[in-house]
1. Counting only residues that are more than 13 Å from the chain's Cα centre (by Cα) and under 14 Å from Cys221 (Cβ atoms), how many does segment 175-186 have?
2. Please go through segment 116-134 and give me each residue that is more than 25 Å from His155 (Cα to Cα) and open to solvent by 70 Å² or more (accessible area, probe 1.4 Å), ordered by number.
3. How do the pairs read when you match residues in segment 156-171 that are within 23 Å of Ala106 (Cα to Cα) and free of Cβ contacts under 8 Å to residues at least 24 places away in the same chain with residues anywhere that are among the hydroxyl-bearing types (Ser, Thr, Tyr) and surrounded by fewer than 20 Cβ atoms within 10 Å (Cβ to Cβ), using Cβ under 7 Å and keeping only pairs 6 or more apart or on different chains?
4. Can you pull out every residue in segment 160-206 that is buried (at least 23 other Cβ atoms within 10 Å of the Cβ) and in a helix (DSSP H, G or I)?
5. Tell me, yes or no, whether segment 59-82 has at least one residue that is modelled with pLDDT of 80 or more and within 14 Å of Ile10 (Cα to Cα).
6. So Asp93 fits all but one of (1) at pLDDT below 95; (2) over 21 Å from Val250 (Cβ atoms); what number is the exception?
7. Which residues, taken from segment 222-249, are surrounded by 16 or more Cβ atoms within 10 Å (Cβ to Cβ), among the hydrophobic types (A, V, I, L, M, F, W, C) and under 20 Å from Asn193 (Cβ atoms)?
Amino acid sequence: MTIAERHKYILEELNKSGFVSVAELSKGLDVTMVTIRKDLKILEDKGLLYRSHGSATPVSPYVNDRSVNEKKLVHVEEKTKIAGLAKDLVDEDDAIIIGSGTTVVAFAQAIPKKRKLTVLTAAMNVTLAFIDAPEVEIVQLGGVVRKSSSSVVGHYAEEMLKQFACSKLFLSVDGISLDYGLTTSHMMEAHLNAQMIKAVQRTIVLADSSKFGKKGFGKICDLEDIDMIITDAGIPEIYREKLEEMGIEVRVV
């Protein structure tokens, strides 16, 4: 197989799956991983893909911090469907943690207001979603207000978390990467999210399919630390396969 044929194969696989790994390309093309890395370097130099630790994606995996006012205008239908499925995972008398982000706000808004439960959150817009729900006890974490996400971060919020034990965490993220795990664009929020995971029995990630293959500045955790991902039908098949191989339940709306 010529170099041009290899490059054509790589780009076709990338277009089909949205992600390729060096190891799988090496096996599929019957060439060494060194050869594949050289091929990916050439294709990246041409602006045809982005390399990242033994893999490649068709677009830049890195995400920047954006305000909730901007985020709430994108992927609205997908977020609504994800929220509709996630609300059925909340049981009567549950004590849950809800993270920050537009997807989990949609989830909070979808929970029936008459359901009796306790909600612990750092997100002020999540708190407001339950402000008129008489059966919902709200525990608002305190700390430094991060205006772009309408949530709090920092030492005080993390210390408060240590006083509670909850059944489930519903978490929104900026990026889901097979090699880097879950990330968000803000370092302190990532650390708070990591502490939330330690405070629950089960972590459920609510993320539309645009988050797969992306990376934010702050790492939250490895993929092995989560139990379920709820997403939409746009999830690349290779991600679904790899996640299920890890024992992570993937639900698609």
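The values are calculated or read from the model by the stated rules, or taken from the named source; none is laboratory data. Computed from a prediction, not measured in an experiment: that's the story for all the values here. As a convention, Cβ positions derive from the backbone with ideal geometry for all residues, glycine included, and neighbour counts pool all protein chains shown. Areas reflect the complete protein model, heavy atoms only, side chains present, ligands, DNA and RNA absent. Shrake-Rupley method; radii C 1.70, N 1.55, O 1.52, S 1.80 Å.
1. Final tally of qualifying residues: 1.
2. Residues satisfying the conditions are Lys116, Ile131, Asp132, Pro134.
3. If the second residue must be among the hydroxyl-bearing types (Ser, Thr, Tyr) and surrounded by fewer than 20 Cβ atoms within 10 Å (Cβ to Cβ), no pairs are left.
4. Matches in segment 160-206: Glu189, Leu192, Asn193, Met196.
5. Scanning segment 59-82, I find no residue that is modelled with pLDDT of 80 or more and within 14 Å of Ile10 (Cα to Cα), so the answer is no.
6. (1)
7. Within segment 222-249, Leu223, Ile226, Met228, Ile229, Ile230, Leu243, Ile248 meet the criteria.
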